[in-house]
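Colleague: Below is one structure. I have some questions about it.
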Amino acid sequence: MSDKSAISQAANHFLLQLVMELKTGNIRRCEALGIPPDVIRMLRDMTLEELQCVCSSKVSVLSFAVNSDNLIRLIDYAREECQRNERIDRALALGASIEIMRHYFGINGCDVAMRRRIAGITVRDGREYTLSDDELASVWHHWVRSSATDLYETSSLDALMLISEETNLSLTAVWRAVREYVTPRTRRSNLLKKRARGDRSPPDVAGGQA
């Protein structure tokens, strides 16, 4: 079957769908396609034999055109969605919390749980692992060295994920450590931040979690 013949038959099959809708009283699609009222009446009154003859014909009564602008927009949207899903999967694999997923992707807890289940990711119960002073200093050093400027901007997530991979710490631990650097809330954090500002050299740590 030639491409032209295949397109003709596909178009005629679409015509069959229009007729079936007309016979159930739905004329909106025909009107949206700009089919004149007299032609709509002819389609509605077609017999089964007439319809079968038209649909089996190689003569196409419909024409197709590609809207290049819409196609380009659709392709761009598809690429953005694929990139977003890749970032979501990467973040979850690195141990992102529900709070992180909600902030950067707008995903609720149920969706996070479903994605984790599909990916086979298990979350350890109990309190989050507390970073040592050296691990905190290491995370802060990586953060200062990165090009990220605002922790709460979506673009900063890439820097956080890279830090997580380089330090072998969970993304949640990295997120909390950087947040503590940006806005110290404890005496320990303030002291460590002052020490980090005085010594920019990276600490000699393995960076692994217990």
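The values are calculated or read from the model by the stated rules, or taken from the named source; none is laboratory data. Keep in mind the model is a prediction, meaning the values are calculated, not measured. No Cβ is skipped: glycine too gets one built from the backbone with ideal geometry, and neighbour counts run over all protein chains shown.
Colleague: Inspect region 107-124 for any residue being touching a residue at least 24 places away in the same chain (Cβ under 8 Å), polar (S, T, N, Q) and part of a loop (DSSP other than H, G, I, E, B) and give the result as yes or no.
Modeller: Looking through region 107-124, none of the residues is touching a residue at least 24 places away in the same chain (Cβ under 8 Å), polar (S, T, N, Q) and part of a loop (DSSP other than H, G, I, E, B).
Colleague: Given (1) within 22 Å of ALA10 (Cβ to Cβ); (2) outside the structural domain of SER8 (by TED's automatic domain parsing); (3) assigned to a helix (DSSP H, G or I), where does CYS30 come up short, assuming only one miss?
Modeller: (2)
Colleague: Hey, another quick one. So which of ARG44, ARG84 is under 30 Å from MET101 (Cα atoms) and of a type in the set (D, E, K, R)?
Modeller: Values: ARG44 fails: under 30 Å from MET101 (Cα atoms).
ARG84 is the lone residue from the list that is under 30 Å from MET101 (Cα atoms) and of a type in the set (D, E, K, R).
Colleague: Of the conditions (1) exposed (fewer than 15 other Cβ atoms within 10 Å of the Cβ); (2) modelled with pLDDT of 95 or more, MET101 clears all except one; give me its number.
Modeller: Among (1) exposed (fewer than 15 other Cβ atoms within 10 Å of the Cβ); (2) modelled with pLDDT of 95 or more, the lone unmet condition for MET101 is (1).
Condition check ((1) in contact with a helix residue (DSSP H, G or I) (Cβ under 9 Å, 6 or more places away or on another chain); (2) under 21 Å from GLN83 (Cβ atoms)) across all residues:
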site: ARG115; (1), (2): yes, yes
site: THR130; (1), (2): yes, no
site: ALA137; (1), (2): yes, no
site: TRP143; (1), (2): yes, no
site: SER147; (1), (2): yes, yes
site: SER155; (1), (2): no, yes
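Colleague: State all residues of region 64-98 that are touching a residue at least 60 places away in the same chain (Cβ under 8 Å) and not in a helix (DSSP H, G or I); if no residue qualifies, say none.
Modeller: Listed by number, the residues that qualify are LEU94, GLY95, ALA96, SER97.
Colleague: For region 52-76, give me the residue count where each residue is farther than 15 Å from ILE7 by Cβ, surrounded by 10 or more Cβ atoms within 10 Å (Cβ to Cβ) and among the charged types (D, E, K, R).
Modeller: The total comes to 2.
Colleague: Next up: Which of the residues spanning region 114-142 are of a type outside the set (Lys, Arg) and within 25 Å of the chain's Cα centre (by Cα)?
Modeller: If we filter region 114-142 for residues that are of a type outside the set (Lys, Arg), which is where we start, we get 114, 118-123, 125-126, 128-142.
Of everything in region 114-142, those that are of a type outside the set (Lys, Arg) and within 25 Å of the chain's Cα centre (by Cα) turn out to be MET114, ILE118, ALA119, GLY120, ILE121, THR122, VAL123.
Colleague: Within region 33-51, count every residue that is surrounded by 11 or more Cβ atoms within 10 Å (Cβ to Cβ) and assigned to a loop (DSSP other than H, G, I, E, B).
Modeller: Qualifying residue count, region 33-51: 4.
Yes/no per residue for (1) surrounded by 11 or more Cβ atoms within 10 Å (Cβ to Cβ); (2) farther than 13 Å from LEU171 by Cα; (3) in the same structural domain as ARG188 (by TED's automatic domain parsing):
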residue	(1), (2), (3)
ASN85	yes, yes, no
LEU94	yes, no, no
SER97	yes, no, no
PHE105	yes, yes, no
CYS110	no, yes, no
ARG115	yes, yes, no
ASP125	no, yes, no
TRP140	yes, yes, yes
